[in-house]
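Data block below; observations after.
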Amino acid sequence: MSGHVAARSEISSDLWVVRVRSAERIAFIPGQYVTIGLPGSTRIVERPYSVASSPQEPELEFFLEQVPGGELTPELYKVPVGGEVYLRRSAKGRFLYDEKSGHPNHFMVATVTGVAPYLSMLREFVARASDRQRDLGRIVLLQAASMPVELGYCDELSAYPREHDWFRYVPTISRIWLSPDWPGERGRAEDVTRMYLDRFGFTPADTTVYVCGNPDMVEQVKAVLRRAGFPKESVREEMYWLAKKPSSPP
């Protein structure tokens, strides 16, 4: 069905946030994705994108990255406010908040746009803080990027801990030489994950870990978690594209 761009804001030269109002409301659970499409030369070109907005909001929000040479994002980037896009009618995905294990701790790891599903969860939790506060447990979000400008939503996420004691936010950058005055954590997600799990006292027995974004990061963080003793069933993953398989030796 059709949808129209209601608002957009630029994060960097290749990152932007867009809000889309669909012709009919699309129900979703925080953590799920909605497929967006545009007409191509012979067919609709479409890709799935995690929703960043809360289900209670009237519009769908997406945090997008323009992929050079990509089939969709360069054209999607050109769509102005009021422009039309196409949306699949049903949200999908199983990258959801763990409410079944009974774990009191939740450790979320993201690279750049991989923060979107966590935003949806957090916005929903904040909107329902009065009736969810008792069973939320503790949530830590580790958001990694190369440079500070890529830490979309950093201001919003930094504000949450001041009002909600169940949440902590850890932004980290890896290209330190480009931002020598950066006051926050330094290192890739996989470099600092174990340190922050230990710092917050999160153990394999009481923690669910979520990993979303760059597939190389996802695999490397999973390796860190395996070495730390986290069972497979306590780790949830969402890759934003397929990792390239290493080429076979000649």
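What follows is calculated from the coordinates using simple rules that are stated; it is not laboratory data. Computed from a predicted model, the values in this text were never measured in an experiment. Cβ coordinates were reconstructed from backbone atoms using ideal geometry, including for glycine residues, and neighbour counts include every protein chain displayed.
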Q. Of the beta bridges DSSP finds with both residues in the chain, what % are antiparallel, to the nearest 5?
A. 50
(Q) Let me see the P(r) profile for the range 2-87: every Cα-Cα distance counted, bins of 10 Å, each bin given as a percent of all pairs. (A) 18, 55, 26, 2
**Q.** Radius 12 Å from Cβ of ALA52, net charge of other residues (Lys, Arg +1; Asp, Glu -1)
**A.** -3
Q | CD proxy at 222 nm, helix term only [per DSSP H run n ≥ 4: -39500 (n - 2.57); per residue of the chain; nearest 500] | A | -6500 deg cm²/dmol
Q) Peptides 5-12, 182-189, 203-210: what's the order by average Cβ count within 10 Å, highest mean first? A) 203-210, 182-189, 5-12
Q | Amide H partners (placed H, <5 Å) of VAL109, local residues excluded | A | LEU142, TYR210, VAL211, CYS212
Q: Please give the net charge around GLY93, taking every other residue with its beta carbon less than 14 angstrom from that of GLY93, where Lys and Arg add +1 and Asp and Glu add -1.
A: +3
Q. For the chain, taking Cα atoms only, what is the radius of gyration to one decimal and the Dmax to the nearest whole Å?
A. 18.2, 61
Q | Relative contact order of the chain, defined on C-alpha pairs under 8 angstrom at six or more residues apart (%) | A | 17
Q.
Sequence gap of 8 or more, or different chains, plus Cα separation below 23 Å: how many lysine pairs satisfy both in the chain?
A. 9
Q.
Counting other beta carbons within 10 Å of each residue's own, what order do SER54, SER90 fall into, fewest first?
A. SER90, SER54
